[in-house]
Amino acid sequence: MYLISSHEMLKDAQRRGYAVPAFNIHNLETVQVVARTAARMGSPVILAGTPGTCRHAGVEYLVSICQAAAQQYRIPLVLHLDHHEDEQDIRRKVEAGIHSAMIDASHCPFEENIAKVRSVVTFCHRMGASVEAELGQLGGQEDDLVVDAGHAHLTDPLKAAEFVLRTGIDSLAVAIGTAHGLYKEEPHLDFARLAAIRQQVDIPLVLHGASGVPEVDVRRCIGLGICKVNVATELKIAFADAMKAFLGSHPDASDPRQYLVPAMAAMEEVVAAKICMCMSDGKL
Ligand SMILES: [Zn+2]
């Protein structure tokens, strides 16, 4: 088995009424946790890397590690470029073996967003890679990407239909009230807007900023057409907190094979819970 595009994975989720969880990974250990949990639970999963993660780990390393994981567990895995903004950067990474990309031009005016996305779609489809794009804009922070609340805006359902038609994208990230990072207060999702988008658009829809959104709300979103749920912040917190606790109680520990174990176990718990939330277990 090997690294595949997310097109068929998301179409299956759409057909069968579940969502594929997309987990942000950063290094060998975080890939191992997601892959082994997916294999154990029989869940399709997407391994997502932001530009910052690609800089940190190196694209060639990421591709090789994810490929090795897919082969070890004999499952198809998607390695996905999360929130990439530069077409040349995406091209280089697709040529390096990645078959799924998000081109995020959501900060651009409508026509400019369409033009940028269309160009990436043309290249990626020729290479057998799938493309996600965003219309509307989430608030909050994801790596270098910071959007203050004043600039965040929700997806317009009619514009979404035009956007999908004119770009040819495989999946659409919607802004319906979630934000990146941690929520200071419980988010209020605009379910009516999501239902209206679903009526206008027939490709898989993507929910960003799902860390901290109550499970009942995510499930409702899945019922309304969300086929991919992104989780980043909650994984980082679980991993870091467990490592801090271990090092706090073992101040002399210096062996990564020891202090990474509780961090991986804590992250695995969150990954398993999100797989259950997305109802993707047993769907592989
Ligand atoms: Zn996002």
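The values are calculated or read from the model by the stated rules, or taken from the named source; none is laboratory data. Worth saying up front: this structure is predicted, and the values here are computed from it rather than measured. Neighbour counts run over all protein chains shown; Cβ positions are idealised from the backbone, glycine included.
Which one of these is over 26 Å from His125 (Cβ atoms), among the small types (Gly, Ala, Ser) and touching a Leu at 6+ places or on another chain (Cβ under 8 Å): Gly97, Gly49, Gly17, Gly42?
Gly42
Given the criterion under 20 Å from the mean Cα position of the chain (by Cα), assigned to a loop (DSSP other than H, G, I, E, B) and not polar (S, T, N, Q), identify the matching residue among Leu182, Leu194.
From the options Leu182, Leu194, the qualifying one is Leu182.
Could you say which residue among Ala232, Ala179, Ala192, Ala240 is within 16 Å of the ligand (Cβ to nearest atom) and either acidic (Asp, Glu) or farther than 23 Å from Gly42 by Cα (or both)?
Answer to the check: Ala179.
Looking only at helices (runs of 4 or more DSSP H) that fall completely inside the range 9-107, which ones have 3 or more residues that are within 14 Å of the ligand (Cβ to nearest atom)?
Of the helices (runs of 4 or more DSSP H) lying wholly inside the range 9-107, those with at least 3 residues that are within 14 Å of the ligand (Cβ to nearest atom) span 51-57.
On the basis of being in contact with a His (Cβ under 8 Å, 6 or more places away or on another chain), assigned to a loop (DSSP other than H, G, I, E, B), under 26 Å from Glu8 (Cα atoms) and small (Gly, Ala, Ser), does Gly177 make the cut?
For Gly177, the condition - in contact with a His (Cβ under 8 Å, 6 or more places away or on another chain), assigned to a loop (DSSP other than H, G, I, E, B), under 26 Å from Glu8 (Cα atoms) and small (Gly, Ala, Ser) - is not met.
So the check is Cβ under 8 Å with 6+ separation or different chains; which pairs have a first residue in the range 126-142 that's farther than 22 Å from Leu158 by Cβ and a second one that's near the ligand (Cβ under 10 Å from one of its atoms) and among the polar types (S, T, N, Q)?
Note: pairs meeting the criteria are Glu142/Thr50.
Among the residues of the range 104-139, count how many are over 14 Å from Val164 (Cβ atoms) and among the hydrophobic types (A, V, I, L, M, F, W, C).
Counting residues in the range 104-139 that are over 14 Å from Val164 (Cβ atoms) and among the hydrophobic types (A, V, I, L, M, F, W, C) gives 9.
So Gly212 ticks every box in (1) at pLDDT 95 or above; (2) in contact with a Pro (Cβ under 8 Å, 6 or more places away or on another chain); (3) within 16 Å of the ligand (Cβ to nearest atom) but one. Which box is left unticked?
(1)
Output the residues belonging to the range 96-146 that are among the hydroxyl-bearing types (Ser, Thr, Tyr) and under 17 Å from the mean Cα position of the chain (by Cα).
Ser100, Ser106, Ser130
How many of the residues making up the range 218-236 are under 24 Å from Asp170 (Cα atoms), of a type outside the set (A, V, I, L, M) and in contact with a Leu (Cβ under 7 Å, 6 or more places away or on another chain)?
5
Restricting attention to the range 235-254, report how many residues are within 32 Å of the chain's Cα centre (by Cα) and part of a loop (DSSP other than H, G, I, E, B).
Matching residues across the range 235-254 total 0.
Give just the number: which of (1) more than 16 Å from the ligand (Cβ to nearest atom); (2) closer than 26 Å to Gly223 by Cα does Ser119 not satisfy?
The failed condition is (2).
Suppose we keep only residues that are touching a residue at least 60 places away in the same chain (Cβ under 8 Å) and under 14 Å from Gln137 (Cα atoms) within the range 154-176. Which one would you say is farthest from the ligand (Cβ to nearest atom)?
Ranking the candidates gives Ala175 first.
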